[in-house]
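The block underneath contains the structure these notes are about, expressed in structure tokens.
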């Protein structure tokens with residue numbers, strides 16, 4: 001089981017954590033919501049929890065709780081710029097469908 005980051009995502013997280021002045025990495029998980037059933041949740045993490053699965057890529061830790069891991073196993077987290085917009089993109093091989101607005105997905 002693994003969750004990976006692209007170099008662009010790792011650079012973005014590293015810069016943000018440096019400006020923030022604290023943090024060990026990012027916490028990636030899922031929550032039940034939206035028209036397709038699930039949505040990604042991503043936040044900066046200040047500490048590793050006792051049950052967290054820890055993946056490290058390009059010097060950045062990605063923390064995943066045990067309940068979310070089956071839904072996001074194999075996911076690659078990327079950071080992209082498209083015109084004036086920028087943000088994280090999730091490339092999840094387990095995703096079967098996405099809602100029209102892009103906020104939620106189905107496994």
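Just so it is clear, none of the values below were taken in a lab; they were calculated from the coordinates. Everything numeric here is computed off the predicted structure, so don't read it as measured data. So basically every Cβ, Gly included, is an ideal-geometry build from the backbone, and we count neighbours across all protein chains shown.
Using mean Cβ contacts within 10 Å as the protection proxy, how do 40-52, 81-93, 19-31, 2-14 order, highest first?
Numbers: 40-52: 13.4, 81-93: 11.2, 19-31: 16.5, 2-14: 18.9.
Per-residue mean Cβ counts within 10 Å order the peptides as 2-14, 19-31, 40-52, 81-93.
Given the alpha-carbon gyration tensor of the chain, what are the semi-axes of its equivalent ellipsoid in whole angstrom, ordered largest first, with each equal to the square root of 5 times an eigenvalue? Provide the component values of the computation, followed by the final result.
Values: eigenvalues 95, 62, 28 Å².
Listed largest to smallest, the semi-axes of the chain are 22, 18, 12 Å.
Helix-only mean residue ellipticity at 222 nm, the chain, DSSP H runs n ≥ 4 weighted -39,500 (n - 2.57), per residue, nearest 500. What is it? All intermediate terms of the calculation are to be shown ahead of the outcome.
Numbers: 2 runs with 18 residues, N = 107.
That calculation yields -4500 deg cm²/dmol at 222 nm.
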